[in-house]
Amino acid sequence: MTLLALEGVGKSYRPGHPVLRGLDLAVRDGEWLGLLGQSGCGKSTLARIALGLERPDTGAVLYRGRPLAGLRGAEARQARRDLQLVFQSAAVSLNPRLTAGASIAEPLRNFEPLDRRGRAARVAELLEMVGLRPEDAGKLPGQFSGGQLQRICIARALAPTPRLIVMDEAVSSLDLVGQARLLDLLAGLRRSLGTACLFITHEIRLARRFCDRVAVMDGGRIVEEGPAAGIESMARHPAARALFDAVLPPLPPGMAAR
Amino acid sequence: MTLLQAGMALRPPPGLRLASVSALLLAGLMLFGPWLAPYDPTEVALDLKLMGPSLAHPLGTDHLGRDVLSRLMAGAQVSLGAVAAILALVLTLGVGIGSLAGMAGGRTDAAIMRVCDAFLTIPTFILALFFVGVLGTGPANVVTAVVLSHWAWYARMARALVAGLKRQDYVLAARVAGTGRLMTVVRHILPAVLAQMAILASLDIGHMMLHVSGLSFLGLGVTPPDPEWGVMINDARAVLWTQPVLVLWPGLMIMLTVMTFNRLGDGLRDALDPALQAGGKAP
Amino acid sequence: MTRLLSIEDLAVATGSGRPLVRGVSLTLRAGRILALLGESGCGKSLSLLGALDALPPGLRRMGGVVALDGRPCAGRELRGGIVATVLQNPREAFNPLLTLRAHARETLEVRKAEADARLASALAEVGLDDPAVPGLLPGEMSGGMLQRAMIALALIREAPFLIADEPTTDLDPVARARLMDLLAGLRARRGLGMLLVTHDLGVAARLADEVAVMQGGRIVETAPTARLFAAPAHRHTRDLLAAHAMLCADDRPPAKTATVGAVA
């Protein structure tokens, strides 16, 4: 069943310079959809619109078939809870004055009827889930490395047990091994929680490894969409081809044949 | 909570500890000065005028024979109390109005900022004089006048801070986490704004003291015979060449206050800066 | 003339003496590309900064010799004229208030007309031949353009060596591929010797002649690229290769992709 759908979404910040033009995209329940595109193609704008943080100029965002913008009261709260975002830069998406525990507890405060003890227990559990120690709850963001900060952000996004997590280039700042480690962790959580993910990246190798389907964005639209396996050979649109042709070779020249 | 953490994480350097002690002493003087003073600060004794320091009068007497120490102690209530009141009001008004403008944006923001600009175009002292002229003399009116002439500076600063902070990813992240608008302001925006504003305010205290004292000096604030440091300097002017020490005492008190709060402002800035607070980074 | 830049037994430590980089030896040859590979925080950038005497405050170089064609020399003699550097985040390397032309004039202490001419030819070489480019401010260029502009500025000094610290990390794949084509072209045309710092084995596979693998402040293995990929000697190299292979799953034998299947 379709969890979140963008239908004919258009957005421009300056007249005559549309960022998105009539974009259609759908994420199914439990599905991992990779969204690829070159820098500046409007991926981050799409993420914000998909979460209802910005209103599209035209078109609509449908959450379980209902317009996101039209939801009120308890339904709006449920949608807010179900759709979570992990930002590109962990360092600036955590309040530097709040401890890691306080940041992770924030969605729990808003969505879960837990007392202080219950929240602390849940925070400890979430920290362990993302591979950090429960004691880390008392530390400030300045005391963590980049990869650890991103884990805190993921723990915060997982806290309200969302149905969809949007990862906006959320692992791009880490080295490739770090990215793979973090995604392995997410893939494991996915198996146990069934959370869907809109995985925005420009790293095709990661999308191919972790996603079910891949969509390629160019000029504010989706130009190519298909199953992650084999998308490279099937892609026809020039922008998609350029992206796939630019993938780095796995082995030095001359060794590839073996 | 963050303040508490900052306080605990802080092992203050000696200068800061000294400033904290001095601030506590000044606060004590402000609250209890009139009752601690050994003599009635307004009691005139012409036969004792302009006496040098003695056991009975450790800081001597002024041109009307009043005990200088008593006047200094009693005067603290007005001098420091006025500044404390001004600070509280200016911060509330400035941060409140500025945050409103910063959060609202658009026309509300523009309207509030134009009002601020109108206040900012006139030098603060002239503006304060104008308000005292309209409101009449007296300590309460001096406070009102200084607040009215200063709030716009704070509002502008708060507005700029809020406008910058509300675009931060972590504020957006709070929205994603389901935190309402008001709570977002309280939890994520105001602490950062207040930290900055407290630094500004602590550096501004000296300026405000001089305003209050200046207005008293002109005879618009506290009126004789009530003691106030600015009034004391004014009174001592007549005997400046024969008894310069009479200007020195209230002058020293004003200087001590200004230095104390400047140092506290520096300390506060370090304590509230999350980058400095975190200490060493994890490897 | 074969130019040879060698770094021998370099060490970097904190002010309190805690070692961060130890016993690092690297050799750059004209026309060859050496990749320095490792995870973030393993001391790659510090090694470079140490060799060039450009360490941030609080860190000290604890020894080691840097030699040009066998003659020992100080790091600061190398910067600019002998070794050009390209950084990961080009936006921070430019003064936001100066145009590219102003940067070139500042870099080259020659007549303005000559500086402008040399900049124009260097920009053409890196693929920025639009005549408007020299007049642009850093804020008006994309990350990929800035990276090229920085290489162009490095080229106008005609330095025989180029050190690039994670030059492709912040770029999208298309911009990254173009940049790597550019670096390969520069090696072919100008015979530049390059040190390419990267965490991406794909970058090394695409460009490098030789790879040095770094872990915990030490170089654990140095080998010609093909041999490193075919027969990694050190455990850490094998770990890195395994992670790399996992990401390039589609192109590897099925045995290596077994863990991937569980995800889909």
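The values are calculated or read from the model by the stated rules, or taken from the named source; none is laboratory data. What you see is a predicted model; the values in this text were computed from it and never measured. Glycine also receives a Cβ, built like all others from the backbone with ideal geometry; neighbour counts cover every protein chain displayed. Side chains are part of the model used for accessible areas, which takes the heavy atoms of the whole protein and leaves out ligands, DNA and RNA. Shrake-Rupley method; radii C 1.70, N 1.55, O 1.52, S 1.80 Å.
Just add up the charged neighbours of C:Asp69: K/R +1, D/E -1, any other residue whose Cβ is under 12 Å from the Cβ of C:Asp69. Kindly include the intermediate steps, with their values, before the conclusion.
Values: positive: C:Arg3, C:Arg29, C:Arg71; negative: none.
Net local charge, C:Asp69 excluded: +3.
Can you give the Rg/Rh ratio of the range C:62-191, where Rg is from the C-alpha atoms and Rh is the Kirkwood radius? Mind showing how you got there, number by number?
Details: Rg = 14.9 Å, Rh = 15.3 Å.
Radius of gyration over Kirkwood radius for the range C:62-191 works out to 0.97.
Which Cα, out of C:Ala205, C:Pro160, C:Ala233, lies furthest along the positive dipole direction of chain C (beta carbon charges, K/R +1, D/E -1)?
C:Ala233
Rg (Å, one decimal) plus Dmax (Å, integer) for the alpha carbons of the range A:4-150?
Using the Cα atoms of the range A:4-150, the pair Rg, Dmax is 17.8, 53 Å.
With runs of 4+ DSSP H residues as the only contributors, calculate the mean residue ellipticity of chain C at 222 nm using -39,500 (n - 2.57) per run, divided by the residue total and rounded to the nearest 500.
Working: 11 runs with 100 residues, N = 264.
The helix-only estimate for chain C comes to -10500 deg cm²/dmol at 222 nm.
Over 13 Å, how big is the tail of the calculated P(r) for the range C:43-102, in percent of all Cα pairs?
Values: 1224 of 1770 pairs.
So the portion of pairs separated by more than 13 Å is 69 percent.
Let's see if you can work this out: charge +1 on each Lys and Arg Cβ, -1 on each Asp and Glu Cβ, no other charges. What is the dipole magnitude of the range A:130-201 about its Cα centre, in debye to the nearest 20?
Details: 8 positive and 6 negative charges, 52 e Å.
The calculated dipole for the range A:130-201 is roughly 240 debye.
Give or take rounding to whole Å, what are the principal axis extents of the alpha carbon atoms in chain C, in descending order?
60, 45, 38
So what is the accessible area of the range B:1-145 per residue, in Å², with the probe set to 1.4 Å? Please report the intermediate quantities before stating the final value.
On the way: 7670 Å² over 145 residues.
Counting only protein heavy atoms, the per-residue value for the range B:1-145 is 53 Å².
Ignoring ligands, DNA and RNA, what percent of the 1.4 Å accessible area of the protein assembly as shown is carbon and sulfur? Write out the running numbers ahead of the final one.
Numbers: 20940 of 35310 Å².
Answer for the protein assembly as shown is 59 percent, counting heavy atoms of protein chains only.
Normalised radius of gyration for chain A, please: alpha carbon Rg relative to 2.2 N^0.38 Å, two decimal places.
Details: Rg = 18.8 Å, N = 258, 2.2 N^0.38 = 18.1 Å.
Taking N as the residue count of chain A, the ratio is 1.04.
Please report, in debye to the nearest 20, how large the charge dipole of the range B:10-150 is about its Cα centre when each Lys and Arg carries +1 at its beta carbon and each Asp and Glu carries -1 there. Let's see the in-between values first.
Numbers: 7 positive and 7 negative charges, 88 e Å.
It comes to approximately 420 debye.
Dipole size in debye (nearest 20) for chain B around its Cα centre, Lys and Arg Cβ +1, Asp and Glu Cβ -1? Walk me through the numbers on the way to the answer.
On the way: 18 positive and 15 negative charges, 261 e Å.
Approximately 1260 debye in magnitude.
Quick check: the angle from helix C:143-156's long axis to the longest principal axis of chain C, C-alpha only, nearest 10 degrees?
60
Would you please report the Å³ per residue occupied by the convex hull of the alpha carbon atoms in the range C:1-111? Walk me through the numbers before you get to the answer.
Working: hull volume 15.4 nm³, N = 111.
Hull volume normalised by residue count: 138 Å³.
Give me the 1.4 Å probe accessible area per residue for the range A:183-224, excluding ligands and nucleic acids, in Å².
Details: 1070 Å² over 42 residues.
Value returned for the range A:183-224: 26 Å² of accessible area per residue.
Could you tell me the accessible area of A:Arg80 in Å² (1.4 Å probe, neighbours in place), rounded to the nearest ten?
Approximately 50 Å² for this residue.
Just to be sure I follow: if Rg is taken over the C-alpha atoms of the range C:178-231 and Rh is the Kirkwood radius over the same atoms, what is Rg/Rh? Can you show the working numbers first?
Working: Rg = 12.0 Å, Rh = 12.1 Å.
Ratio value, two decimals: 0.99.
Which of the DSSP-defined H helices in chain B satisfy a minimum axial length of 15 Å, computed from C-alpha atoms, and a minimum mean Kyte-Doolittle hydropathy of -1.0? If you can, show how the numbers build up before the last one.
Values: long enough: B:14-36 (31 Å, 1.45); B:68-104 (52 Å, 1.76); B:106-120 (21 Å, 0.53); B:124-135 (16 Å, 2.78); B:139-165 (37 Å, 0.91); B:190-217 (37 Å, 1.35); B:245-272 (39 Å, 1.05).
Result, helices passing both filters: B:14-36, B:68-104, B:106-120, B:124-135, B:139-165, B:190-217, B:245-272.
Let me see the pair-distance distribution of the range A:124-229: every alpha carbon pair, 5 Å bin width, integer percents in order.
2, 11, 22, 23, 19, 12, 6, 3, 2, 0
For the protein assembly as shown, list log₁₀ I(q)/I(0) at each q in 0.04 Å⁻¹, using the Debye formula over Cα point scatterers of equal strength and ignoring solvent, two decimals each.
Each listed q maps to, in turn, -0.25.
With Cβ to Cβ distances under 11 Å as the rule, what net charge do the other residues near A:Ala5 carry (K, R +1; D, E -1)? Don't skip to the end; give the middle numbers.
Details: positive: A:Arg28, A:Arg64, A:Arg66; negative: A:Glu7, A:Asp24.
Spelling it out: positives minus negatives among the neighbours equals +1.
Rounded to whole Hz and in sequence order, give me ³J(HN,Hα) for the range C:21-35 from the Karplus expression 6.51 cos²θ - 1.76 cosθ + 1.60, θ = phi - 60°, writing x for Gly and Pro.
9, 9, x, 8, 10, 9, 10, 9, 10, 4, x, 10, 10, 10, 9
Would you work out which of C:Ala115, C:Leu34, C:Ser142 lies farthest towards the positive end of the dipole of the range C:16-144? Charges go on Cβ: Lys and Arg +1, Asp and Glu -1.
C:Leu34
If Lys and Arg each add +1 and Asp and Glu each add -1, what is the summed charge of the other residues whose beta carbon sits under 12 Å from the beta carbon of C:Asp9? Provide the component values of the computation, followed by the final result.
Numbers: positive: C:Arg22, C:Arg61, C:Arg218; negative: C:Glu8.
For residues surrounding C:Asp9, the net value is +2.
Considering only protein heavy atoms, what per residue accessible area in square angstrom results for the range C:58-103 with a 1.4 angstrom probe?
Working: 2520 Å² over 46 residues.
That works out to 55 Å² for each residue.
Considering all projection directions equally, how large on average is the shadow of the alpha-carbon convex hull of the range A:1-50, in square nanometres? Write down the numbers at each step before the final one.
Details: hull surface 14.7 nm².
Orientation-averaged projected area of the Cα hull: 3.7 nm².
Grab the alpha carbons of the range B:58-183, take their convex hull, and tell me the volume per residue in Å³.
Numbers: hull volume 19.4 nm³, N = 126.
Dividing the Cα hull volume of the range B:58-183 by its residue count gives 154 Å³.
As a test of reading the structure, rank C:Met194, A:Met129, A:Met234 by solvent-accessible area (1.4 Å probe, protein chains only), most first. All intermediate terms of the calculation are to be shown ahead of the outcome.
Numbers: C:Met194 5, A:Met129 60, A:Met234 100 Å².
Ranked list, largest accessible area first: A:Met234, A:Met129, C:Met194.
Which FRET efficiency value, to the nearest 0.05, do you get for B:Glu43 and B:Ala160 by plugging their Cβ-Cβ distance into 1/(1 + (r/R0)^6) with R0 = 51 Å?
On the way: r = 51 Å, r/R0 = 1.00.
With a Förster radius of 51 Å, E is 0.50.
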